[in-house]
1. Beyond a 30 Å Cα-Cα separation, which of these cross-linked pairs lie in this structure: LYS27/LYS170; LYS90/LYS170; LYS90/LYS183; LYS163/LYS238; LYS128/LYS238?
2. Only bridges whose two residues both fall in the chain count here: according to DSSP, what percent of them are antiparallel, nearest 5?
3. In the Gaussian network model of the chain, springs joining C-alpha atoms below 10 Å, which of LYS19, LYS237, LYS81 carries the largest mean-square fluctuation?
4. Kirkwood hydrodynamic radius of the range 141-253 from all distinct Cα pairs, in Å?
5. Per residue of the range 140-148, what does 6.51 cos²θ - 1.76 cosθ + 1.60 with θ = phi - 60° give for ³J(HN,Hα)? Whole Hz please, x for Gly and Pro, Karplus curve as stated.
6. How much of the accessible area of the chain, probe 1.4 Å, is carbon plus sulfur, in whole percent?
7. From the Cα trace of the range 209-253, what convex hull volume per residue do you get, rounded to a whole Å³?
8. Å³ per residue of the Cα convex hull, for the range 42-136?
Amino acid sequence: QDMNCIETLARVDVLCVDKTGTITEEKMAAGDPVPLTESEYPRERIEAVLGAYYHMSDAANDTERAMMERFRGGEEWICRKRIPFTSATKWSAGVFKGEGAFLTGAPEFIMQDRYDEIRESVDPWTAKGYRVLLVAQYHGDPEPGALEDYRVVPLALVLLSSKLRPDADKIFGYFREQGVAVKVISGDNPATVSEVAIRAGIENADKYIDTGTLETEEDFLRAVQEYAVFGRVTPDKKRSLIRALKKLGHTVA
């Protein structure tokens, strides 16, 4: 069995990796919120919302752990409903008695067709390699997979960062020398992932795409040949990427 594994690994010519915990260290740090409408929703109010929001969080992933460490308080808020984060929806929600509903998550997934309204606020941060979360109010009762963008009121951005693993460039340099192409497959914004991958020395890391734009098998076959970084990947899109690589004759790890 061990020999079979070794022989298979020796034939690998494409290595697919995640960003957080692979290229970067697992521990993330959350910064101060960046208000989008400070006159209506000042920083103190946003801190209170996030304190309550993460007070009732179960810290299911690295992002939520970082947010729980940064934002505390809110014990007096009563949570009526909690919708956990999933890799498919890329947002979570809390509905509080007397306060309303709030969302946190990927800006594009929360804003949907209205993303252009905040794009200029988000893009400079993603270009620097930050993971950006949007905090928003929701006028209604949020349901997974059924957010109505006209009910969303964007309130603030929260920037998260993590350090590169100290040996990342050495490890990816080894794979480059061995003729193994590295593909970065991440749920994060593709521009953010690209910036981090470039710093890690991954070849062609400046070539990135949002997998939300890929639909057909032909789309995926073309993309895996043209790009090294794939952002906003959902579980089904990840499956399609791997299938496309294999269909092109690659041995994928």
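1. Where the Cα-Cα span goes over 30 Å, the pairs concerned are LYS90/LYS170.
2. Bridges in the chain are about 75 percent antiparallel.
3. Checking each option, the largest mean-square fluctuation is seen for LYS81.
4. Final number for the Kirkwood radius of the range 141-253 is 15.8 Å.
5. In residue order, the calculated couplings are x, 10, x, 10, x, x, 9, 5, 9 Hz.
6. 49
7. 68
8. 115
The values are calculated or read from the model by the stated rules, or taken from the named source; none is laboratory data. Since the model is a prediction, treat every value here as computed from it, not as a measurement. Neighbour counts run over all protein chains shown; Cβ positions are idealised from the backbone, glycine included. Ligands, DNA and RNA are stripped out before the accessible areas are found, and what is left, the full protein with its side chains, is counted by its heavy atoms. Shrake-Rupley method; radii C 1.70, N 1.55, O 1.52, S 1.80 Å.
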